[in-house]
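The values are calculated or read from the model by the stated rules, or taken from the named source; none is laboratory data. Owing to the predicted nature of the structure, the values given are computational and were not obtained by experimental measurement. Cβ placement follows ideal geometry from the backbone for every residue including glycine, while neighbour counts extend to all protein chains displayed.
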Amino acid sequence: MKRWFLFALLIASLSISFAKSGSAPTDVVRGNTQSLDTQWGPDQFGYLAKDNLEAGGPQVRWTDITTTGTPVSGLTDDNFVGPFQIGWNFRFYWYDVASFYIGSTGYIKFSSAGQLAQPIPQFPNAAAPNDIVSPYAADWFFEPNGQSECYWWTNDEDTLIVSWVDVEGWLQGGNSGHHNFQLVLLRC
């Protein structure tokens, strides 16, 4: 139950962000609408994911942390920044983590090993980085003076939220619009 709830919230956050923006996710490499898997698992460790549109899926809503969260600086093209403190121990598979890194391509990870960039691999993956949690991994563009923003917030007890706001999707010759998506981790 714990495992399902965690990943259900992550997938649901992704779905809510698309509902908020009023558009389906777009494949930023080819510009085609893509089909999202809204349910998967359980994997070999018992993790199961469902979004809020699946039967029995979680009820979640977008939480605006742009005024209460910490702005993330230093995100550029295909990089990550951190570490940041979660404020509590988060159980990730078989180990506990207390800090995380934020990646410009739409993910968090729990170690400094590896970089996630296009082409985005399938997960799970044995190659580093292999400790990724991502609501929407794609080729996002953080220009130094652009409007793409990222924020993180924790209550230091049981909730961590990371929001990518007005993030441009990189497409050769221009961008593919602005996107909002959010990751929510809960201690279960």
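What residue, among those in region 42-56 that are farther than 20 Å from PHE123 by Cβ and of a type outside the set (A, V, I, L, M), is modelled with the lowest pLDDT? Per the criteria, the residue is ASN52. The residue list GLY74, GLY69 contains one member that is surrounded by fewer than 16 Cβ atoms within 10 Å (Cβ to Cβ) and either within 27 Å of GLY169 (Cα to Cα) or charged (D, E, K, R) (or both), which is GLY74. Restricting ASP131, ASP96, ASP158 to residues that are without any contact (Cβ under 8 Å) to a residue 12 or more places away in the chain, under 23 Å from TYR47 (Cβ atoms) and acidic (Asp, Glu) narrows the list to ASP96. Criterion applied to ALA98, ALA126 was being of a type in the set (Gly, Ala, Ser) and within 18 Å of ARG187 (Cβ to Cβ), and the one residue passing it is ALA98. Within region 66-73, not a single residue is out of contact with any helix residue (DSSP H, G or I) (no Cβ under 6 Å at 6 or more places or on another chain) and modelled with pLDDT under 90. Pairs are defined by a Cβ separation below 9 Å, a sequence spacing of at least 6 or placement on different chains, a first member in region 54-69 that is of a type in the set (Phe, Trp, Tyr), and a second member that is modelled with pLDDT of 95 or more and part of a loop (DSSP other than H, G, I, E, B); no pair meets this definition. The set of residues in region 157-177 being surrounded by fewer than 14 Cβ atoms within 10 Å (Cβ to Cβ) and modelled with pLDDT under 85 consists of GLN172, GLY173, GLY174. I need the full set of residues from region 40-53 which are closer than 22 Å to ALA138 by Cβ and free of Cβ contacts under 8 Å to residues at least 24 places away in the same chain, in order please. Scanning region 40-53 gives a single hit, TRP40. Do you know which of the residues in region 94-122 that are of a type in the set (Phe, Trp, Tyr) and exposed (fewer than 14 other Cβ atoms within 10 Å of the Cβ) is modelled with the highest pLDDT? Restricting to residues being of a type in the set (Phe, Trp, Tyr) and exposed (fewer than 14 other Cβ atoms within 10 Å of the Cβ), the top hit is TYR95. Do we find a residue being modelled with pLDDT of 85 or more, outside any strand (DSSP E or B) and more than 26 Å from TYR93 (Cβ to Cβ) anywhere in region 148-156? Yes, there is a match, as at least one residue in region 148-156 is modelled with pLDDT of 85 or more, outside any strand (DSSP E or B) and more than 26 Å from TYR93 (Cβ to Cβ).
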